[in-house]
Every structure is written in C-alpha cells, then in structure tokens.
Amino acid sequence: LGMKQNGQPYDICSDQNCQVYTGLKLQAASTTTGVMATRGEVIKHGVKIIEAVYADTCGGHTENVENVWSSPPNPSLVGVPDCKEGANTFPSPATDAAIRKWLTDNPPNFCRGEGTQINPKARWTVELTQAELDAKINKQHAVGTVKELIPGDRGVSGRLKSLKVVGSTATVIIQKELPIRRALGGFRSALFVIDTKEDGGKVSWTFRGSGNGHGVGMCQVGARWAARAGYDYKKILRHYFRSTEVVKIYE
C-alpha cells in the first residue's frame, strides 16, 4: 500500500478505480463469511503480493496487462481462456476474421453463463447512424465526417489495441483499449468487429462485440460460473492469475 489516492489520507477508494463499496446497506452474511474465512490470505507471485485487478465480463478470454495499460508485461496478469482446461475454442492469433467467426459461433465459456442464465454482456450489438458516429468521435477527435474505421492489432483477448479513424478533415489513430471505447461513446469493451451498410445514400455502422470492461486479471462473472463448475476459490484465482499462490501472512 502506501500509494495514496490523489493525495488523500487513505489507500483504497470506494469506486471502480479501486474496489467498489457502497456501504453497510449492501453488506451480506455470505460475503462477510467469505471475508472472515480468508482473513490474512493474499495472492503472491514469488515473494510479492500481486495487483489482483479484475473486470466484469472478459468475453471469453482475458487480456495481457501491457496491451491495456502502460504497464510492463506481468507474468501474473497474462491473458487466459475463460473456460475449463482443454475446452478452449478462442482463436489464436486473434485476427479480425477469426474474431468475427468466434463472435458468430458464440461457443461456451464461463462468463457467457448457461441455459436460461445467459449473460447479456457476453454478446452485444451497437448500431449507429452516420450522424451519431460523427458526433461521438468528434467530441474527442476533430476528424469531420467519419469515412472509415480501420481496426489495428488485437491483443490475445481480441480487444483492439488501436483503431484508425479516417475522417473528411483529419485521420487519427486511437491507441489503447479505454480510449477506443470512450471515443465511440462508451462501449462495453474493445472486443468488437465493425460493419457498415449504405441504404439510399445513408450510411449506418454496426458494432458486434463481447465482454464488459478491460479484461485484465479475474473475470468476475467467469469466476462465478467457474465456482458453479466445481472450482474452489484458490483454483479460480490460480486460473486467472497465473504463476501465483494464495498464502496466509497474518491471523
């Protein structure tokens, strides 16, 4: 710890930047039991406690930390398939064509859910008119009318690492997962493919994607379904945080 939040006299804030906490009103006996049962336990890689980050829905595969943030590669924060061992169907390399097919096929993985409990964030579609897309992009990047969106390289999870925007007055290349999502008006993730359609001179844009969040570390919905598949908490943590162990350092 010791890294204060914006000069404030505490180490952890209560929003999504650290650990979402909405107060005692939502405290539940089940989570209190879990906290007390794991008191003093931490996740370590070697001798160091790891930064155990997480996202809501990875969409089928988690992502390498260096592909999302300006961080060096980290052996405990590497992208892994969100499924049982031996059941991986995620494409490698994650090319645009392979991701397009994988999204259409919609194979099972932990965070997709099962049966009648399918996670709506595991597959999503956003449709924008030309005017809507122009308005969103130009809030941050003055490019004029958007003529073309060209996906760049993808990370191991299929999330875009860059997106080239060709406009009537300028061309920009947007780098990193979160800036790409924000430029498009707040997409759930940067794991998506792009289609355009022209009808009577009017252009519309369709984005088909998967996941909710940056995808680094533990997949929260995936962890829930891994538990239902019989994984205990230590196995779940070792699955998402590779080369790590859960150890007790105080009583």
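Screening segment 113-122 for residues that are touching a residue at least 60 places away in the same chain (Cβ under 8 Å) and of a type outside the set (A, V, I, L, M, F, W, C) and picking the one that is farthest from residue 157 (Cα to Cα) gives 114.
Here residue 12 qualifies as more than 17 Å from residue 215 (Cβ to Cβ) and at pLDDT below 95. Of all residues in segment 150-164, those satisfying the criterion of being assigned to a strand (DSSP E or B), touching a helix residue (DSSP H, G or I) at 6+ places or on another chain (Cβ under 6 Å) and either open to solvent by 60 Å² or more (accessible area, probe 1.4 Å) or of a type in the set (A, V, I, L, M, F, W, C) (or both) are 160, 163.
Pick from segment 65-82 the residues that are open to solvent by less than 30 Å² (accessible area, probe 1.4 Å) and among the polar types (S, T, N, Q): which of them is nearest to residue 155 (Cα to Cα)? Within segment 65-82, the match that is nearest to residue 155 (Cα to Cα) is 67.
Name the single residue that is nearest to residue 223 (Cα to Cα) among those in segment 41-75 being under 18 Å from the mean Cα position of the chain (by Cα) and charged (D, E, K, R). Per the criteria, the residue is 56. For segment 111-149, filtered to residues that are open to solvent by less than 20 Å² (accessible area, probe 1.4 Å), in contact with a helix residue (DSSP H, G or I) (Cβ under 8 Å, 6 or more places away or on another chain) and outside any loop (DSSP other than H, G, I, E, B), the residue that is farthest from residue 56 (Cα to Cα) is 146.
Being under 20 Å from residue 103 (Cβ atoms), touching a Pro at 6+ places or on another chain (Cβ under 8 Å) and either modelled with pLDDT of 95 or more or buried (at least 21 other Cβ atoms within 10 Å of the Cβ) (or both) is not true of residue 213.
For segment 41-50, a residue qualifies if it is in contact (Cβ under 8 Å) with a residue 60 or more places away in the chain and assigned to a loop (DSSP other than H, G, I, E, B), and exactly one does: 50.
When restricted to residues that are surrounded by fewer than 12 Cβ atoms within 10 Å (Cβ to Cβ) and either of a type outside the set (A, V, I, L, M, F, W, C) or over 22 Å from residue 153 (Cα atoms) (or both), segment 88-100 contains 1.
Which members of segment 175-210 meet the condition of being open to solvent by 10 Å² or more (accessible area, probe 1.4 Å), of a type in the set (D, E, K, R) and under 19 Å from residue 78 (Cα atoms)? Result: 176, single match. Looking at 31, 22, 57, 38, just one residue is in contact (Cβ under 8 Å) with a residue 12 or more places away in the chain, loosely packed, with under 15 Cβ neighbours inside 10 Å and of a type in the set (Val, Ile, Thr), and that residue is 38. Residues in segment 41-54 that are of a type outside the set (Asp, Glu), open to solvent by 60 Å² or more (accessible area, probe 1.4 Å) and within 25 Å of residue 110 (Cα to Cα): 45, 54.
The values are calculated or read from the model by the stated rules, or taken from the named source; none is laboratory data. These numbers come from a predicted model, not from an experiment. All Cβ positions, glycine included, derive from the backbone under ideal geometry; neighbour counts span all protein chains shown. When the accessible area is computed, the model is the full protein with side chains, heavy atoms only, and any ligands, DNA or RNA have been set aside. Shrake-Rupley method; radii C 1.70, N 1.55, O 1.52, S 1.80 Å.
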